[in-house]
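**Q** Once you've had a glance at the structure underneath, I'll fire off some questions.
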Amino acid sequence: MLHTNLSVNEHGHLTLGGMDTVELAQKYSTPLYLIDENRVREKMKTYIDAMGKYFPLGSMPLFASKSLCFKKIYTVASEMGMGIDLVSPGELYTARAAGFDLANAYFHGNNKTDADIELAINSGLGYFVADNREELDAINRIAGEKGIKQKILMRLTPGIDPHTHAAITTGKVDSKFGTAIETGQAIELVKYVLTLENIELEGFHCHIGSQCFEIKPFCDAADIMIMFMALVRDELGKATTTLNIGGGFGVRYTEDDPHIDIEKSIELIAEHIEKTCVRFEYTLPRVLMEPGRSIVADAGVTLYTAGSTKTITGYKSYVSIDGGMTDNPRYALYQSKYTILNASYADKEADFTATIGGRCCESGDLIAEDVKIKKPKRGDTLAVLVTGAYNYSMASNYNRIPRPALVMIKDGVDTLAVRRETYEDLIRNDL
Ligand SMILES: *Cc1c(COP(=O)(O)O)cnc(C)c1O
């Protein structure tokens, strides 16, 4: 199987974390998100241990909330000793409601409103990752009103293009995020930040993109960032101590994708950073990383119930499912590839080529095209693998379709973590 937490049991059913997915589909109904909690914990531990081992004291991984956000994930992150990154006041509110200590939270985003900044400071946020000058002024003003000195990192664009999909590439100079180093604007902005009384500049952040399998773009980005930190020290007399190199490790969605060895990659990045720091005579900064996808993606499976199987003579075959772009918009957005199987007959050969279509009134509502699957009949459970990241968090109510439930599974026990939306939920705010 694609990942070690997937298998097939004696009934020929797909299992996730040892549990029968067909039984879970019957118990909770479909569409249904499953998250293998042990897998999430294992991945968090891999990052925490490797970063603790290879980077200086104070280094830590921050779970990228945007990949999967609901209360229980913050409980898990907190228990494991992960920090978090947040990109919206809604994520912050969710983490706070889960009792997460926001001293270990980093608030991102390219347009934080005054209300967002107030909410964050009132909630005891540890750090803002500041994007632009107007925002820095607002943070400085609001921190002043509250009588605090607010710690921040500044988001910079190192000018790296890691050659992943354009929509998920963010480290280039031409980006809506952060401030460019190459154009000289970053050093000017740092000079300005150092005049702001209620802000403590602790370091810098960059995020080069997502779904990267190579470490070279991370090393290249770190070089540019450290070079910049040395410039800030030499020209402005400020030695900052934190370098956040963002998220982005790739995930195996299909058999064609490689596996990434997280620990080894961190070791190699750490070695590289050490060398660069020696070269610039820079005291090794603490390093932060922001993994999202590589923590939760392969912990997730989405279950659907098959509807019709339709073959258009001379063209192709469509299998329709009871979910689609509303619970997984990634194919419609990026043509992301997925592995799909008939979970009811996971022991049978995939004998049928089909395009998997959702139930929205939208031709682009597909989950995969021309994939091999054991031919389903109405009522079979279909499973889309590796859906833990950017599926639930990107779900919508398009066509007034209620969002699915999310069930966590751990050591043979299934626990409802997010209940299924009801029709009543859909009209809750309608007046
Ligand atoms: C999206 C994002 C991440 C997480 O990226 P993954 O590919 O899910 O690891 C981390 N940091 C920032 C700033 C992001 O925008």
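The values are calculated or read from the model by the stated rules, or taken from the named source; none is laboratory data. As the structure is a computational prediction, the values presented were derived from the model and not from experiment. Reconstructed Cβ throughout: ideal geometry from the backbone, glycine too, with neighbour counts over all protein chains shown.
**Q** Which ranges mark the strands (runs of 3 or more DSSP E) fully within the range 135-244 that have 2 or more residues being under 30 Å from GLN335 (Cα atoms)?
**A** 150-157
Results for (1) of a type in the set (Gly, Ala, Ser); (2) over 27 Å from VAL87 (Cα atoms); (3) at pLDDT 95 or above, shown as yes or no for each residue.
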position	(1), (2), (3)
PRO285	no, no, yes
TYR318	no, yes, yes
GLY324	yes, no, yes
ALA332	yes, no, yes
THR339	no, yes, yes
PHE352	no, yes, yes
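**Q** So, one more: Yes or no: ASP411 among the charged types (D, E, K, R), under 23 Å from ALA346 (Cβ atoms), at pLDDT 95 or above and surrounded by fewer than 16 Cβ atoms within 10 Å (Cβ to Cβ)?
**A** yes
**Q** Taking the conditions exactly as written (among the charged types (D, E, K, R) and surrounded by 18 or more Cβ atoms within 10 Å (Cβ to Cβ)), does ASP298 satisfy them or not?
**A** For ASP298, the condition - among the charged types (D, E, K, R) and surrounded by 18 or more Cβ atoms within 10 Å (Cβ to Cβ) - is met.
**Q** With ILE269, ILE260 as the choices, which residue is outside any loop (DSSP other than H, G, I, E, B), within 16 Å of the ligand (Cβ to nearest atom), of a type in the set (A, V, I, L, M, F, W, C) and more than 29 Å from ILE139 (Cα to Cα)?
**A** ILE269 is the lone residue from the list that is outside any loop (DSSP other than H, G, I, E, B), within 16 Å of the ligand (Cβ to nearest atom), of a type in the set (A, V, I, L, M, F, W, C) and more than 29 Å from ILE139 (Cα to Cα).
**Q** So which residues in the range 272-307 are outside any helix (DSSP H, G or I), within 16 Å of the ligand (Cβ to nearest atom) and not β-branched (Val, Ile, Thr)?
**A** Residues satisfying the conditions are LEU288, MET289, GLU290, PRO291, GLY292, GLY300.
**Q** Of these, ILE401, ILE373, which one is within 26 Å of ASP425 (Cα to Cα), buried (at least 20 other Cβ atoms within 10 Å of the Cβ) and modelled with pLDDT of 95 or more?
**A** Among ILE401, ILE373, only ILE401 is within 26 Å of ASP425 (Cα to Cα), buried (at least 20 other Cβ atoms within 10 Å of the Cβ) and modelled with pLDDT of 95 or more.
**Q** Counting just the residues of the range 7-64 that are in a loop (DSSP other than H, G, I, E, B) and without any contact (Cβ under 8 Å) to a residue 60 or more places away in the chain, which one comes out surrounded by the fewest Cβ atoms within 10 Å (Cβ to Cβ)?
**A** Checking each candidate, the answer is GLU10.
**Q** It is to be established whether one or more residues within the range 100-107 are closer than 25 Å to LEU416 by Cα and either within 16 Å of the ligand (Cβ to nearest atom) or outside any helix (DSSP H, G or I) (or both).
**A** The answer is yes; a qualifying residue exists.
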